[in-house]
Structure formats: structure tokens, C-alpha cells
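Colleague: A single structure is presented below for examination.
The values are calculated or read from the model by the stated rules, or taken from the named source; none is laboratory data. Predicted model only: the values in this text are computed from it and were never measured. Using ideal geometry, Cβ is built from the backbone for each residue, glycine included, and neighbour counts are taken over all protein chains shown.
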Amino acid sequence: MLDVPANVIEGRTMVPLRFVSENMDAKVEWDGNAKIVYIYY
């Protein structure tokens, strides 16, 4: 289930990166100090 709804922007559907990544069995980590998202697949 999505935490936030998908949005359509200029004809493209935007969904949360974490939702897509985790549903592809990837691990998602956030480095708040560096403001970087790491995705391990």
C-alpha cells in the first residue's frame, strides 16, 4: 500500500521511490546527513 497517493505531473505518473524499490525486493536506506538515498538490489 502506498504511503502517499501517486501524482500525475505533465502526463507522467509519479509514485514514491521507496514503494517501487521495496516491491522489487530492493533495500532502501536514507542517509539524512548527506541527503542521499541508497537502493540495494
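Colleague: Just name the residue that is nearest to the chain's Cα centre (by Cα) out of those in segment 13-40 that are of a type in the set (Phe, Trp, Tyr) and surrounded by 10 or more Cβ atoms within 10 Å (Cβ to Cβ).
Modeller: Result: 19.
Colleague: Take the residues of the chain that are among the small types (Gly, Ala, Ser) and in contact with a strand residue (DSSP E or B) (Cβ under 8 Å, 6 or more places away or on another chain): which is modelled with the highest pLDDT?
Modeller: Applying the filter and picking the extreme gives 26.
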